[in-house]
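Take a look at the structure set out below.
Every number in this text was worked out from the coordinates using simple rules, so none of it is lab data. This structure is a prediction, so every number in the text was calculated from the model and none was measured. Heads up, the Cβs are rebuilt from the backbone with ideal geometry, glycines too, and the neighbour counts pull from every protein chain shown.
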Amino acid sequence: MSSAKIISLDQVKHIANLARLPIKEEDLTKFQKELTAILDLFSKINEIDTKGIVPTSQVTGLENVIRSDEVKTSLSQKTVLSNAPKTNNGYFVVESVFD
């Protein structure tokens, strides 16, 4: 953990809150060290010389691999929604994930 900026305990709490992960106060320091170590490992990527390396976004060489759009039989909306814990006007209702 030499070159990475150490993550504050408040940042650990914030990250845990964003991920909806409950963290005990006594575990904050442990996660602070682990997250700092992870960021330190990622910072080593910045040291790699990538000049002359062609950016790659697709590695298989395949292009336009899509299936034809065909109508097939499937479950009815009523059947699908019958498995949902909560619905409204034909839609699934889920808990908000953003504040």
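Between the beta carbons of Glu70 and Val93, assuming R0 = 30 Å, the FRET efficiency works out to 0.45 to the nearest 0.05. In this calculation the C-beta distance from Ile6 to Ile53 is compared with R0 = 35 Å, giving a FRET efficiency of 0.65.
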